[in-house]
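Below is one structure, written out as structure tokens; the observations come after it.
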Amino acid sequence: MQRLQEVPPPDWVQQLQGALEERDPRVRILSPASDSLLPDGPWTLRLEVSDWPLVDAGSLGLGPHLVVQLDGQLPIPLVETELEMPSLTPGSHLLTVYAAKPWGEAHKGPYALQQIRLHRLAENTATLPAPGTPQLLPVSPAGPAGDLPLLLDWLMLDAPLQGLRTDSLGWRLRVTLNGESVLLDRQAPLWLKGWRAGSNALLLELLDGRGELLNPPFNSVLEEVIVSGSAGVNGPHLGHLTELERAVLLGDKPPSALLPVRPPDEPVVSPFPPQPVQESPVQEKEEQQPGPPLLQTPSSDGTLPSPQIAPTSPVPRLLAEQTPEPAMPQPLSEPQAAPPADASPSLIPPVPLSPPKEPPSSFFPTTPPPTAPPGGVPAREEVNPDGTLKRPPGSSPLERLRQRWNR
């Protein structure tokens, strides 16, 4: 069996202890008033506190705060002065509010606690300790506990004073953990080892100077403490605090002071990846418009159509002006179509097309070329005096084209 061992408070608790002991908190319950008969349904608890900061330290947990406890229910930590409470069960109840430290310890100042009685439907005072009689109120641990060691703390109301005589004690507290008991004669919180993982049975009994129960049955409380190994109601489990963390837990600086500060010269990095720029649909449509064809198909009469230049054509005018005039066609061995005289100059030099196998009848004269008379012509009559070959007028393709244009 593991034996209970008292150990010093954690380092971070010792760092804050002195600053909080210097304060003198005063807690008041503004409403409801003591001995109020409340109707069925939720009700509002309004408080007033002075000389005690109410701090939510963010990632560090709670700083100084208030605790609201109704009868033997789990304590409710609070950093505000107003709280919506659930409907009471019929009968009489005890409502206690006290100032608490960041690790869950109750402040033992004379005005750091107030308790009132509330009723619903009707009073039933037999379920409550008589006013002015000793009362034991467990504080910590309560609910799921955190890392070891654990804080054992309690409050006593209207208990006999200790040390009135040197040979007697007004009260003793018997603490029994998992069947192992110790007696305490001072009201001071304890940090204890000896807890086992999982469920632990904790029995607190308030005894008189003779070892008998004091004002039974109200001062005998059995609780189950579950050690889970994670942070619980005993406050944040921290190591050595920095000066900034200490100031935030005491309420001297806001929790936002713990956030990292970006240097002014550091660029701001967006958490979202850059998106590709989408081009305008109108622009895409304009860019995809096809230009004039490079090769032009002749019309039915064999002529090439004039190229159509769009007004927004990117080709500069100078380029059109510098385009050389098409050269006059030279005599060809075979007939070839030529553009009409009024055709406008093309920006792109025309590409010679393959001549049709049979030229249109409307393009060339239908007069057949002259033939030699029967019996043949002497060779000297076919030759000019300069030695060139005689041809009949209008027999060459060029002559025939000129005759056609001069009509």
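Evaluated at q = 0.14, 0.18, 0.20, 0.22 Å⁻¹, a Debye calculation over the C-alpha positions of the range 1-137 (equal weights, vacuum) places log10 I(q)/I(0) at -0.73, -1.05, -1.21, -1.36.
Extension gain, Glu123 to Ala188: 0.36 nm times the residue separation minus the Cα-Cα distance gives 19.9 nm. Relative protection proxy for 8-20, 245-257, from highest mean packing down: 245-257, 8-20 (other beta-carbon atoms within 10 angstrom). FRET efficiency for the Gln114 to Ser199 pair, using the beta carbon distance and R₀ = 35 Å, is estimated at 0.60. Stretched out straight at 0.36 nm per residue, the stretch from Gln14 to Val79 would grow longer than its current Cα-Cα span by 21.2 nm. Label zone (Ala257, point 7 Å along Cα-to-C-beta; backbone nitrogen cut-off 19 Å) within the range 53-87: 53-65.
Read-outs throughout are calculated quantities, based only on the coordinates presented, and are distinct from any laboratory measurement. All of these numbers come straight from a predicted model, not from anything done at the bench. Positions of Cβ are generated from backbone atoms using ideal geometry, with glycine treated the same way; all protein chains shown enter the neighbour counts.
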